[in-house]
Amino acid sequence: MSYAIIGFGAIGQALARMFARKGIEVAVASRHPPEALAPQATAIGPTIVPKTLKDALEADIVLLAVPYWQHQEVAKTRASWKGKIVIDVTNTLDDLGALPSSSVIARALPGAQLVKAFNHLPARVLAEDPAVNGGRRVVFLSSDDESPIATVAALVEQLGYAPVNLGKIAEGGQLVQARNGVWGPLIFQDLFKNGQ
């Protein structure tokens, strides 16, 4: 399984630290050329590999960590999203009518299997070790597709977190998204699961 983080700001770098902690190779890309990302990638660890956006999007699992409004630009970079698992890490307070932001992104990436995850914690918390006092930091998952949930949950576990499935995006997934300009009740909640 190959991985890529699209967006290398505070959230993208925090995600990269997760992979580096576990020695898992991950491509990183943004609107900037790979050489512009190289100094920070090198500082995070040797398993963080800067690539062009086009090359990074070849990964099996893509973590979308760009500002919400940039998802359209990323969507246009690939001709087909069929078979890709996309982890939506974005957030927005924009008024999207009755739609959750992840549903809007899913429409922009036809064929992709989209899972909302890692978006409810701020970058500084995501960058920390998820194991604290014998517990593991919780990462909420939601998706309208059942098949990618198990794959993403396994990745979450591999990275040291405790996955909690909230169900479909329009149902439990609303708890980790904004609506009518107000954050969902689980946004910014730093929760832990004790034991195994």
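The numbers here are math on the coordinates, done by the rules we state, and not lab data. Quick caveat: nothing in here was measured; it's all calculated off a predicted structure. When we count neighbours, we look across all protein chains shown, and the Cβ atoms used for this are built from the backbone with ideal geometry, even at glycine.
So the values come out like this:
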quantity: Charged-residue dipole, Cβ positions (Lys, Arg, Asp, Glu), region 3-194 about Cα centre, Debye nearest 20; calculated: 100
quantity: The chain: most fluctuating residue of 162, 59, 79 per GNM, C-alpha cutoff 10 Å; calculated: 79
quantity: Among 36, 83, 185 - extreme Cα towards positive end, dipole of the chain, charges at beta-carbon; calculated: 36
quantity: Percent breakdown of C-alpha pair distances by 5 Å bin, ordered from the shortest bin, for region 1-115; calculated: 2, 13, 25, 24, 18, 12, 5, 1, 0
quantity: Highest-fluctuation residue, 26, 164, 62 considered, GNM on the chain with Cα pairs under 10 Å; calculated: 164
quantity: GNM flexibility winner over the chain from 144, 60, 88 (Cα, springs under 10 Å); calculated: 60
quantity: Links that overshoot a 24 Å alpha carbon limit, given the list 84/116; 168/193; 22/168; 54/82; 51/84; calculated: 22/168
quantity: Whole-number percent relative contact order across region 3-194, with pairs defined as alpha carbons under 8 Å at least 6 apart; calculated: 19
quantity: For residue 191, residues with placed amide H under 5 Å, excluding near neighbours; calculated: 138
quantity: Antiparallel DSSP beta bridges within the chain, as percent of all bridges there, nearest 5; calculated: 25
quantity: Label corresponding to semi-axes √(5λ) of the Cα gyration tensor in Å when calculated from the structure given, among (i) 23, 21, 15; (ii) 36, 18, 13; (iii) 35, 22, 17; calculated: (i)
quantity: Ranking of 71, 120 by count of other Cβ atoms within 10 Å, fewest first; calculated: 71, 120
quantity: DSSP beta bridge pairing in region 134-196, given as percent antiparallel to the nearest 5; calculated: 50
